[in-house]
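Here, each number is a calculation from the coordinates, and none is a lab measurement. Keep in mind that this is a model prediction, so the values were computed, not measured. Note that each Cβ is placed from the backbone with ideal geometry, even for glycine, and that neighbours are counted across all protein chains shown.
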Amino acid sequence: MYSPQFELLDYQIAIDREINQEPENMEYHTAFFTGHRNINDIRGKILRLIHLAMRQGVREFWSGMAFGTDLLAAEILVERGVRWKAIIPCPHQSIKWSQTDQDKYQNLIENASERILISKQYTPTCMMERNAYMVKNADLCLAIWDGRREGGTFHTIQMARKANKLIFQFNPKTDEFSILEPPNQLSLF
């Protein structure tokens, strides 16, 4: 008898096995977040991504401090007392946000374990430079991505794939977690 529930459980067991059987020479110490701005009810999904990354050995997380996924991830990391870096594209990144959101942003930055400023002033490319910095220097990508083939999240995932980064993804449209492996690694699926 077919049961989608058992299929999902088997799929999750397969993902857990794959995650636990990474090649011994692969070490993951840092992970960065990328994701959409306006996604509801993802707190638990971000916690799951953090948990999956920690099972891979990640002990430091990076947030690009963009409105949406990045800020929610930073908030969760502060609440949990986890070491994290604020990767800030430019001063006054939040200048056009509401006062409440600016205050929240400033509080999060003050609670970061470390702060890295990418550009001393706003430029049309500073957000992409921040994303490129995270892709180049972190070991793992944690993505809240619904599959859209446009925008900053999509472009960051494309950069991460080209850089052969392992990506743990949650798709809010399908409510599914997946692993986007680097193109040069073998898959268990």
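Observations, loosely collected:
- Cross-link reach list, lysines versus LYS96, counting only Cα pairs under 20 Å and skipping chain neighbours closer than eight places: LYS104, LYS120
- By the rule of a C-alpha distance below 22 Å, with chain neighbours fewer than 8 residues away ignored, the lysines paired with LYS165 are LYS45, LYS85, LYS136.
- Modelled spin-label separation between ARG37 and LYS173, with each label point placed 7 Å from Cα along the Cα-to-Cβ direction: 1.9 nm.
- Global dimensions of the stretch 68-122 from alpha-carbon coordinates: Rg and Dmax equal 11.0, 32 Å.
- Between ARG115 and GLU150, full extension at 0.36 nm per residue minus the direct alpha carbon distance yields a gain of 9.8 nm.
- Dmax and Rg, reported as Rg then Dmax, of the stretch 117-169 (C-alpha, Å): 11.4, 33
- Along each principal axis, Cα extent of the stretch 90-189, largest first, Å: 47, 28, 27
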